Structure formats: structure tokens, C-alpha cells
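The next block holds one structure in the form of C-alpha cells; read it before the comments.
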Amino acid sequence: MRALLIVDVQNDFCPGGALAVPEGDKVVHVINRILDWFDLVVASKDWHPRDSVHFSKWPPHCVQETHGAEFHPELDTSKVVQVVVKGTGNRDDGYSAYEATNVDLEEYLKSKGIDELFVVGLATDYCVRASALDAVRRGFRTSVVIDAVAAVDILPGDGDAALKEMEQAGVRLVTSDGILCRVPEKGLQSQARNLKDEDRNKSQ
Ligand SMILES: [Zn+2]
């Protein structure tokens, strides 16, 4: 059973928001396109109190019950069966969805028979990274959909470095097209190889 984890696709992380990820909103239509492929869809929200140690590191964002903490208006949330909130205390950053305070995400996914998790959303170099690494550590077969994530890139290349780190930890990097071709179990290189094989077969 496979689940999609949509990480923090919230107004404050999209252009115009308090902590906008460059082109953060580009992930929305990609996520909407792949939703149907999953047995279960879960979404996380950064959900901070007004006073948080987190805001000594970051501009205030995703404050509970504010517009900035709402999902991007074009994100299709009709398939989301569980929203998990994180960073809800005033002493935690809550980068990983596994740090959610309303639900034990690991137990929840396991109780639903989920063994394979696909991670999308914002931002590649923070909450996507932390969530994907936690998923691998907890024994889920984990993939990140690379065209459905976007990076803060405080230093140029942070997002790419995070993808590399995740891959080295055992996270597979896949694309939405790869998913829709139903070959998510293969890495990008083997996907590319397969596509070439298909072309060859077609031309024969
Ligand atoms: Zn935050």
C-alpha cells in the first residue's frame, strides 16, 4: 500500500507568503496530477504558535489559524484523509512530518498498511528532507517526487545537496511522469533506460 505525504503546501511558503519558497506554487498542479495514484493521501501543516523559538531562525510564518497557514487554494485536498500538524509547541521547529503532535504519523501509516511513502511539497531542503529521512529511518520504502518539490536555497545548491543526501540515505528520486508510467519502483536512471528500451521496441 502506498501513501502520498504532501508536506507544507501552505500560503506562507508560496510566492507572496511570509517565507516564500521560490516557485513554491509550481508543485501544486504536479501534486494534483498524481493524487489518484495513491491508496492514501496525508498532508502536513507547519502550525506554529505566535511565540516560538523557531521564529528566532525564520521570519514568522504559518501561525496557527492564519491565512498564511492555510493550504494553497489550488491544492486539491479532497483526497487528504489526515492532516498532521507540526511545530505546534513554542520550543520545537517541527521540520519533519513525523514530529506531528496531533497524530503519531508512523503508527498511523502502519495501521493503514502503508509500507511505501512518496513525499512531495515544500521545502526540499528543510521539511521535505527531514520527513523523507525520517520515513527511511522508520522502515518505509520512500521516494521523493523531484518535480513536486521546491527548495528554499538559502545557499545556491542547498536543494540539490538535500536530494543527494536523501538518495544516499536510501530515498529514491522519482518524477511525476515516472509515477504516471507506473514505474516508481525504479530509479531515474533505470527509468531512462527503460524508456529507451521502449522506444527501441516500438521502432522494431
Ligand atoms: Zn516553520
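State whether one or more residues within the stretch 63-85 are charged (D, E, K, R) and buried (at least 19 other Cβ atoms within 10 Å of the Cβ). Taking every residue of the stretch 63-85 in turn, none turns out to be charged (D, E, K, R) and buried (at least 19 other Cβ atoms within 10 Å of the Cβ).
Return the total of residues in the stretch 41-60 being over 14 Å from the mean Cα position of the chain (by Cα) and not in a loop (DSSP other than H, G, I, E, B). First the steps, then the outcome.
In the first step, residues of the stretch 41-60 are kept if they are over 14 Å from the mean Cα position of the chain (by Cα); the result is 47-60.
Of the ones still in play, those that are also not in a loop (DSSP other than H, G, I, E, B) are 48, 53-56.
Within the stretch 41-60, residues that are over 14 Å from the mean Cα position of the chain (by Cα) and not in a loop (DSSP other than H, G, I, E, B) number 5.
Within the stretch 70-90, the set of residues being among the small types (Gly, Ala, Ser) and near the ligand (Cβ under 10 Å from one of its atoms) comprises just one member, Gly87.
Report the residue count in the stretch 49-68 for those that are under 30 Å from Trp37 (Cα atoms) and within 10 Å of the ligand (Cβ to nearest atom). Give the derivation first.
Step one: filter the stretch 49-68 for residues under 30 Å from Trp37 (Cα atoms), giving 62, 67-68.
Filter once more, so that each one left must be within 10 Å of the ligand (Cβ to nearest atom): 62.
Residues in the stretch 49-68 being under 30 Å from Trp37 (Cα atoms) and within 10 Å of the ligand (Cβ to nearest atom): 1 in total.
Restricting attention to the stretch 128-150, the residues being part of a helix (DSSP H, G or I), surrounded by 24 or more Cβ atoms within 10 Å (Cβ to Cβ) and either polar (S, T, N, Q) or away from the ligand (no atom under 16 Å from the Cβ) (or both) number 3. In the stretch 19-28, which residues are crowded, with 18+ Cβ neighbours inside 10 Å and either touching a His at 6+ places or on another chain (Cβ under 6 Å) or among the charged types (D, E, K, R) (or both)? Within the stretch 19-28, Leu19, Asp25, Val28 meet the criteria. Exactly one residue out of Asp93, Asp115, Asp104, Asp125 is within 16 Å of the ligand (Cβ to nearest atom), charged (D, E, K, R) and over 16 Å from the mean Cα position of the chain (by Cα), and it is Asp93.
Beta carbons closer than 7 Å, at least 6 apart along the sequence or on distinct chains, pair a first residue in the stretch 77-101 that is over 14 Å from Gln64 (Cβ atoms) with a second that is within 11 Å of the ligand (Cβ to nearest atom) and in a loop (DSSP other than H, G, I, E, B) for Asp93/Gly87; Glu99/Asp92. Taking the stretch 61-79, which residues are touching a Gly at 6+ places or on another chain (Cβ under 9 Å), assigned to a loop (DSSP other than H, G, I, E, B) and under 21 Å from Thr101 (Cα atoms)? Correct list: His61, Cys62.
If you take the residues of the stretch 151-181 that are hydrophobic (A, V, I, L, M, F, W, C), part of a helix (DSSP H, G or I) and modelled with pLDDT under 95, which of them is surrounded by the fewest Cβ atoms within 10 Å (Cβ to Cβ)?
Pass one, the stretch 151-181, residues hydrophobic (A, V, I, L, M, F, W, C): 151-152, 154-155, 161-163, 166, 169, 171, 173-174, 179-181.
After this cut, where a residue has to be part of a helix (DSSP H, G or I) as well, the list is 161-163, 166, 179-180.
Keeping just the survivors that are modelled with pLDDT under 95 gives 179-180.
Values: Ile179: 22, Leu180: 13.
It comes out as Leu180.
For the stretch 1-28, give me each residue that is assigned to a helix (DSSP H, G or I), within 16 Å of the ligand (Cβ to nearest atom) and not polar (S, T, N, Q). Within the stretch 1-28, Asp12, Phe13 meet the criteria. Does at least one position in the stretch 29-48 carry a residue that is surrounded by 17 or more Cβ atoms within 10 Å (Cβ to Cβ), modelled with pLDDT under 95, among the hydroxyl-bearing types (Ser, Thr, Tyr) and within 16 Å of the ligand (Cβ to nearest atom)? Within the stretch 29-48, not a single residue is surrounded by 17 or more Cβ atoms within 10 Å (Cβ to Cβ), modelled with pLDDT under 95, among the hydroxyl-bearing types (Ser, Thr, Tyr) and within 16 Å of the ligand (Cβ to nearest atom). Taking the options Thr101, Thr88, Thr124, name whichever one is farther than 24 Å from Arg50 by Cα and modelled with pLDDT of 95 or more. That would be Thr124, the only listed residue that is farther than 24 Å from Arg50 by Cα and modelled with pLDDT of 95 or more. The conditions of being outside any strand (DSSP E or B) and either surrounded by 24 or more Cβ atoms within 10 Å (Cβ to Cβ) or modelled with pLDDT under 95 (or both) are met by Asp93. I'd like to check something: does the stretch 64-71 contain any residue that is touching a strand residue (DSSP E or B) at 6+ places or on another chain (Cβ under 6 Å) and β-branched (Val, Ile, Thr)? Checking the stretch 64-71: not a single residue is touching a strand residue (DSSP E or B) at 6+ places or on another chain (Cβ under 6 Å) and β-branched (Val, Ile, Thr).
The values are calculated or read from the model by the stated rules, or taken from the named source; none is laboratory data. Note that the structure is predicted; figures quoted are calculated from it, not measured. In this analysis, Cβ positions are derived from the backbone assuming ideal geometry, glycine residues included, and neighbour counts consider all displayed protein chains.
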